[in-house]
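Here the structure is laid out as structure tokens; the discussion comes afterwards.
Nothing in this text is a laboratory measurement; each read-out follows from the coordinates by a stated rule. Just so it is clear, the structure is predicted and the values come from calculations on it, not from any experiment. With ideal geometry, Cβ positions are generated from the backbone for all residues, glycine too; neighbour counts draw on all protein chains shown.
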Amino acid sequence: MQMKTGIQTDVLDLLQIKMVLPEQNCVLILDEVQLKRKIEYDVSLKSITGYVDPELGNSTEEASHALVYMIKGLQVPYKQVVA
């Protein structure tokens, strides 16, 4: 599964199939993480990564932070990044 910036719709589709009670009882977590500034070529995506997302602003600026959205199970222990 290729992971790129943005909402991971593939992951959400798989979670919708897998989720049954009590796994549906979960919480949405938002976390900001600091990134090491690094521009590199991603072979799997066949693109250069490390810049601020062009949809959010200047695409020549190196990314230094990212927002991570994940869900965490309340009754069943799991954690999954969704965006």
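Tabulated results
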{"item": "Inter-site label distance for residue 60 and residue 45 at 7 Å from Cα along Cβ, in nm", "result": "2.1 nm"}
{"item": "Spin-label pair residue 36/residue 18, simplified geometry with 7 Å Cα→Cβ offset, distance in nm", "result": "2.8 nm"}
{"item": "Among the listed pairs 4/46; 46/72; 4/79, those beyond 20 Å (Cα-Cα)", "result": "46/72"}
{"item": "Loop-resident sites, segment 33-72, for trypsin sites (Lys or Arg not before Pro), counting at most 16 other Cβ within 10 Å (DSSP)", "result": "36, 37, 38, 46"}
{"item": "Cα centre as origin, Lys/Arg/Asp/Glu Cβ charges: segment 9-81 dipole, Debye", "result": "280 debye"}
{"item": "Residue among 6, 60, 45 farthest towards the positive dipole end of segment 1-69, charges placed on Cβ", "result": "45"}
{"item": "Two-site label geometry, residue 83 and residue 27: point separation in nm, points 7 Å out along Cα→Cβ", "result": "1.9 nm"}
{"item": "Charge tally in the Cβ shell below 14 Å around residue 6, where Lys, Arg are +1 and Asp, Glu are -1, residue 6 excluded", "result": "-2"}
